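Beneath this line is the structure, given in structure tokens, with notes to follow.
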Amino acid sequence: MFKKHFVEIAEGLEKLSRESNSATRKVAFQLLSAVSQTAFIFALGIIDKYNSMLQPVTNILQSKTLEILRCAEHIQTITSAVAEYRRSPEEGSVDLIKSAEEIATALNIELRLPRTASRQQHRANQPAASLGEYFRRSLYVPYLDSLSSS
């Protein structure tokens, strides 16, 4: 739902950062700066894709008539899908990269790699030839690993 309306939300934040009172402008500008980051846009696509897979399980677990067998079937389906995406992360991330590019185009944002240094120690610093390869290594694969381990 958030991703579906993300462009409108970002445009609203941009308008608020220009036209509101001082306190609202500051907060809107900070939020707009955060959601305009390349990593945020990629993470939004990843979380949207896999949370939609998890939604049926959460609905079953929260229902009054708990159907354990149906829930177990959904969990097995999700586990096998995540394992398949993990085996071939290049194929699984193609749609996410296209989606991030569409969002960036709609918001007139340039997707770019974060700065890296040769002796960087406190954050991800994977060498990559392209933007898609970098975010596949730094966000997509670690998210799949985390999802499959939990």
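The values are calculated or read from the model by the stated rules, or taken from the named source; none is laboratory data. In this text, all values refer to a predicted model and were calculated from it rather than measured experimentally. For neighbour counting, all protein chains shown are included, and Cβ atoms are generated from backbone atoms with ideal geometry for every residue, glycine included.
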Out of segment 17-45, which residues are closer than 12 Å to ILE109 by Cβ and β-branched (Val, Ile, Thr)?
-> VAL35, THR38, ILE41
Which of the helices (runs of 4 or more DSSP H) contained wholly in segment 40-150 include at least 3 residues that are of a type outside the set (D, E, K, R), in contact with a helix residue (DSSP H, G or I) (Cβ under 6 Å, 6 or more places away or on another chain) and not assigned by TED's automatic domain parsing to the domain that holds ILE9?
-> 68-87, 89-107, 141-149
Taking only pairs six or more apart or across chains, which ones have beta-carbon atoms under 7 Å, a first residue in segment 44-70 that is of a type outside the set (A, V, I, L, M, F, W, C), and a second residue that is part of a loop (DSSP other than H, G, I, E, B) and surrounded by 13 or more Cβ atoms within 10 Å (Cβ to Cβ)?
-> GLY45/LYS3; ASP48/LYS3
Return yes when ILE75 is aliphatic (A, V, I, L, M) and under 23 Å from LYS3 (Cα atoms) and no when it is not.
-> no
Quick one: which of ALA100, ALA104, ALA83 is among the hydrophobic types (A, V, I, L, M, F, W, C) and surrounded by fewer than 16 Cβ atoms within 10 Å (Cβ to Cβ)?
-> ALA83
Any residue at all in segment 32-50 that is surrounded by fewer than 17 Cβ atoms within 10 Å (Cβ to Cβ), aliphatic (A, V, I, L, M) and farther than 26 Å from SER146 by Cβ?
-> no
